[in-house]
Amino acid sequence: MAAREQAPEERSPERDSDDVDEVTRAVLTASRLLVAVSARSLAAVEDRVTLPQFRLLVVLSTHDEAKLVTLAERLGVNPSTAMRMLDRLIAAGLAERRVNPANRRETVLRVTPGGRRLVEDVTAGRRREIEGIVERLAPEQRAALVDALTAFTVAGGEPSVPGGGTDAYPLGWTCGPPARHDD
């Protein structure tokens with residue numbers, strides 16, 4: 001679907017509103033697809049972790065270690081909520097607590113090799129499914145999609161995925177405080 005570029009003086013406020021509505025509907029539809037892809041990628045591990053616990057593993061896997069308060073801030077939850085999630089992950093062997101060697105009064109949290117593998121496996125499954133969808137697009141559609149999604153993420157303040165998109169963190173959830181969610 002090719003859209004004709006209009007000069008700013010040719011655009012009417014009604015047309016701009018129609019464009020915003022049309023783009024909003026298209027983004028909502030695409031987000032429904034992406035949520036379905038995400039849900040399918042997590043289905044393989046749903047017997048081991050919940051979505052909030054998986055999110056915690058993702059945040060831990062992007063940092064070498066974190067203190068509980070910092071981790072809770074990154075997740076947008078209360079420290080007590082983060083601790084409950086973490087306790088379950090520690091019991092499952094996916095995360096661990098350690099004494100901070102630089103300050104023996106502090107405890108630091110980190111993901112275990114098993115937890116990192118779980119994040120990598122879910123991410124790889126999600127990536128494979130998205131690649132399959134993208135492969136069905138014509139090359140010019142792919143280029144247009146890159147431009148559109150890049151502009152969309154910049155407008156939304158989301159940082160780009162480092163490392164050309166091959167690392168274990170193409171999962172959303174910036175390290176800034178998201179909306180609060182307590183489980």
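Computed with every protein chain present, the accessible area of E65 is close to 70 Å² [probe 1.4 Å].
Rolling a 1.4 Å probe over the protein heavy atoms of region 14-83, with every protein chain left in place, gives an accessible area that is 58 percent carbon and sulfur.
Annotation: Cα Rg of region 54-141 relative to the compact-globule expectation 2.2 N^0.38 Å equals 1.38. Where the centre of each part is set by its Cα atoms, how far does region 59-99 sit from region 143-159, in angstrom? Answer, in whole Å: 30. Once all protein chains are placed together, R116 keeps about 80 Å² accessible to a 1.4 angstrom probe.
Computed with every protein chain present, the accessible area of D121 is close to 100 Å² [probe 1.4 Å].
The values are calculated or read from the model by the stated rules, or taken from the named source; none is laboratory data. Note that the coordinates shown come from a computational prediction; the quantities given were computed from them, not determined experimentally. Note: areas computed on protein heavy atoms with side chains; ligands, DNA, RNA excluded. Shrake-Rupley method; radii C 1.70, N 1.55, O 1.52, S 1.80 Å.
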